[in-house]
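Everything on this sheet refers to the single structure shown next.
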């Protein structure tokens with residue numbers, strides 16, 4: 001898998017401290033953990049987001065909040081428990097890294113070592129309000145599909 005990251009970029013990445021979960025990580029570090037088998041990727045976006053914007057092949061699709069109304073998914077706890085085998089990390093992904101932080105806190109409460117992926121799938125919005133140009137899973141050239 002070729003990414004847009006400079007050589008040795010992953011080696012320089014660190015887990016950033018967070019409150020209530022194991023830490024915040026960059027997309028490249030999350031991908032490295034996935035490749036090594038250390039972690040399971042949990043995509044906490046809605047079904048519509050994954051369908052229309054794109055998804056990561058092999059990720060566990062488990063919405064943190066459900067559309068419409070964006071209410072907490074009542075099946076989230078059981079879904080997390082069955083998605084993440086004992087001894088593996090959970091790396092949580094949403095659009096921008098906000099919902100995934102909340103989901104990582106809840107996963108931690110369930111006894112799972114959970115990390116939030118900073119920048120999310122789409123990254124921060126630019127001056128025109130468009131995502132995908134400032135960080136995010138897709139921006140770094142990591143695997144994803146649409147449709």
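Out of 113, 38, 122, any idea which swings most in a Gaussian network model of the chain, alpha carbons joined below 10 Å? It is 38.
Using 0.36 nm per residue, how much length does the chain from residue 134 to residue 51 gain when fully extended, once their Cα-Cα distance is taken away?
Details: separation 83, 0.36 × 83 = 29.88 nm, distance 2.15 nm.
27.7 nm is the gain from fully extending residue 134 to residue 51.
Over all Cα atoms in the chain, the spread is summed up by Rg and Dmax: 14.3, 43 Å. Which one, 87, 136, 69, has the greatest fluctuation when you compute a Gaussian network model over the chain with C-alpha springs under 10 angstrom? Of 87, 136, 69, the most mobile in the Gaussian network model is 69. Among 61, 125, 107, the largest mean-square fluctuation in a Gaussian network model of the chain, built with springs joining Cα atoms closer than 10 Å, belongs to 125.
For residue 67 and residue 124, calculate 0.36 nm times their separation in residues minus their Cα-Cα distance, and state this gained length in nm to one decimal. Let's see the in-between values first.
Details: separation 57, 0.36 × 57 = 20.52 nm, distance 2.16 nm.
Full extension from residue 67 to residue 124 adds 18.4 nm.
Given the stretch 46-122, report the % of alpha carbon pairs whose separation exceeds 22 Å. I get 15 percent for the Cα pairs in the stretch 46-122 exceeding 22 Å. Rounded to 0.05, the FRET efficiency of the residue 77 and residue 15 pair, given R0 = 22 Å and the Cβ-Cβ distance, is 0.35. The helix-based estimate of mean residue ellipticity at 222 nm for the chain, built from -39,500 (n - 2.57) per DSSP H run of four or more residues and divided by its residue count, is -7000 deg cm²/dmol to the nearest 500. Placing pseudo-labels 7 Å out from each Cα toward the beta carbon at residue 144 and residue 35 gives an inter-label distance of 1.8 nm.
Read-outs throughout are calculated quantities, based only on the coordinates presented, and are distinct from any laboratory measurement. If you're wondering where the values come from, they're calculated on a predicted model, not measured in any experiment. Note: ideal-geometry Cβ built from the backbone for every residue, glycine included; neighbour counts use all protein chains shown.
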